[in-house]
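The values are calculated or read from the model by the stated rules, or taken from the named source; none is laboratory data. In this text, all values refer to a predicted model and were calculated from it rather than measured experimentally. Glycine gets a Cβ as well: all are built from the backbone with ideal geometry, and neighbour counts include every protein chain shown. Remember, those area values only see protein heavy atoms, side chains included, never the ligands or the DNA or RNA. Shrake-Rupley method; radii C 1.70, N 1.55, O 1.52, S 1.80 Å.
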Amino acid sequence: DNQADLPPAAKAEVREISETARETILAFDEIVWAVNPRNDTLGDLTNYVCRHAEDFFDGTPTECVFDLPKVIPPLMLSTEVRHQVFLAAKEAMNNALKHAAASQVLIRLAVHTDSFELRIEDNGRGFDPAAVEPRPGGGNGLNNLSERMQQIGARFDYHSKSGHGTGVVFTVPFS
């Protein structure tokens, strides 16, 4: 460890710089992935969401489980659709880890003739949807997810019950 002679404050600063650099690299990787036209299929999106989920939940008390079709048809998705669905999925995973205290998160993909459905469900503490209030200075996470789906002509639904987990559903039509 080449930080052995550093004072504690300097070690903390080095850790913070290192974490910021790691977050910046991940954000850059997401942007590069989103704009790369070679990643334009539903399979590419599914693979990226699952890879992110595995990395995101690794080392946490939350187990991530996948329920995916055996074969994902090679359906084309626009850059904007892939990007918004990924960001929404990422936010849903973050909510499950940060707020739900879930021991398990299930990521499920269903492909229909005219759309696909991405579900992210947790077995956490849940909440009473009637008691959700907008945060000061902006909406809430549910509004963010809804707005992301509206931008791409998709639908956002959720269900939650105090003590029984939360599930979010993104239903995205094929153009």
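Can you tell me which residue is least open to solvent (accessible area, probe 1.4 Å) among those in region 1-18 that are modelled with pLDDT of 80 or more and over 34 Å from the mean Cα position of the chain (by Cα)? Among those that are modelled with pLDDT of 80 or more and over 34 Å from the mean Cα position of the chain (by Cα), it is Pro7. For beta carbons closer than 7 Å, sequence separation of 6+ or different chains, a first residue in region 66-77 that is within 19 Å of Ala53 (Cβ to Cβ) and a second that is polar (S, T, N, Q), the qualifying pairs are Leu68/Thr46; Ile72/Thr46; Leu77/Thr41. What pairs can you find where one residue is in region 141-164 and at positive phi, the other is of a type outside the set (A, V, I, L, M) and open to solvent by 30 Å² or more (accessible area, probe 1.4 Å), and their Cβ atoms are less than 7 Å apart, with a gap of 6+ or different chains? Sorted first by the residue in region 141-164, then by its partner, the pairs are Gly153/Pro173; Gly163/Arg125.
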